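Colleague: Provided herewith is a single structure, encoded as structure tokens, for subsequent inquiry.
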Ligand SMILES: Nc1ncnc2c1ncn2[C@@H]1O[C@H](COP(=O)(O)OP(=O)(O)OP(=O)(O)O)[C@@H](O)[C@H]1O
């Protein structure tokens, strides 16, 4: 990636020469990456490659030893709250109120954010949560249903960028393909999606671009369109194994 990449209207996320250091270890080492608005970008990498740290850098939780992070043109170091307002982070295990229903959770969190609640039904419909579940307590929800609620909350807040951490881990194949179709629908509505994942085949199916992270930097990017599945598989195996051998 170019070190001189500049923010344009078409850029949703941009990390430029980012270094994050924990103790003596550079967990991100001059990481540069750019995600366009309305793009699905999947970040793949072995355990410990720095994927979650990249998300933390976007959210302004990782201390930068060098470099710059921008979210929708906002410098995260300069205005972290404005940057976070443009992001919805959906962790692997979504934490919502178990004793509240989907609609009640959304209403609660929207009020907390000072946002209106009129978009709740539309958001729940958009994410494809079955209508009969809307009034049920989350305690009985599957992982896939919880993710839908978390994403519906982002939509109801009209957040332009979703950050997804391992979204399809633990989903069965049907739930995975339903989830991937939903992401593509959201992209069609102009939402930008940045996901970190180990699900390389899922990434190849749903993403516009795939970045391979190895020891804290992007070592290769691939346009998913036209990429053969075995390319993705081979590259993932290669970068995951270089890390382990180091
Ligand atoms: N707050 C922290 N303090 C110290 N070390 C950290 C901290 N956060 C992450 N690390 C270290 O940074 C490295 C990268 O961690 P990170 O969680 O970003 O990797 P990852 O690619 O998300 O891995 P995984 O696929 O296992 O979730 C690891 O060696 C981890 O131990």
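Read the figures in this text as sums done on the coordinates, not as results from a lab. Source: prediction; values computed, not measured. No Cβ is skipped: glycine too gets one built from the backbone with ideal geometry, and neighbour counts run over all protein chains shown.
Colleague: How far apart, in nm, are two points set 7 Å out from the Cα along the Cα-to-Cβ line at residue 158 and at residue 82?
Modeller: 1.8
Colleague: Stick to Cα atoms and the Kirkwood definition of Rh, then tell me Rg/Rh for the range 93-158. Don't skip to the answer; put the middle values down first.
Modeller: Numbers: Rg = 10.3 Å, Rh = 11.4 Å.
A ratio of 0.91.
Colleague: Continuing with the same structure: Compute the helix-to-body angle for 102-112: its Cα long axis versus the longest principal axis of the chain, expressed 0 to 90° and rounded to tens.
Modeller: Computed tilt is about 70 degrees.
Colleague: Where the centroid of each part is defined by its Cα atoms, how far is the range 134-196 from the range 61-133 in Å?
Modeller: After rounding, the separation between the Cα centres reads 11 Å.
Colleague: Right, another one. What value in Å³ per residue do you get for the convex hull of the alpha-carbon atoms in the range 14-145?
Modeller: Dividing the Cα hull volume of the range 14-145 by its residues yields 145 Å³.
Colleague: Then there's this: Take the Cβ-Cβ distance between residue 113 and residue 225 as r, set R0 to 45 Å, and report the resulting FRET efficiency rounded to the nearest 0.05.
Modeller: Efficiency at R0 = 45 Å is approximately 0.80.
Colleague: Say we join alpha carbon atoms closer than 10 Å with springs in a Gaussian network model of the chain; which of 200, 100, 124 then has the biggest fluctuation?
Modeller: 100
Colleague: If you line up the long axis of helix 229-245 against the longest principal axis of the chain, both from Cα atoms, how many degrees apart are they, to the nearest 10?
Modeller: 60
Colleague: What angle do you read, to the nearest 10 degrees and between 0 and 90, between the alpha-carbon axis of helix 173-188 and the longest principal axis of the chain?
Modeller: Rounded to the nearest ten degrees, it is 80.
Colleague: With each run of n ≥ 4 DSSP H residues scored as -39500 (n - 2.57), what mean residue ellipticity at 222 nm is computed for the chain after dividing by its residue count and rounding to the nearest 500 deg cm²/dmol?
Modeller: Calculated from helices alone, the mean residue ellipticity at 222 nm is -10500 deg cm²/dmol.
Colleague: Can I ask one more? Considering every Cα-Cα pair within the chain, what fraction, in whole percent, is farther apart than 30 Å?
Modeller: Roughly 25 percent, rounded to a whole number.
Colleague: Based on the alpha-carbon gyration tensor of the range 117-209 and its eigenvalue square roots a ≥ b ≥ c, which shape applies: rounded if a/c is under 1.5, prolate if not and a/b is larger than b/c, or oblate?
Modeller: Oblate.
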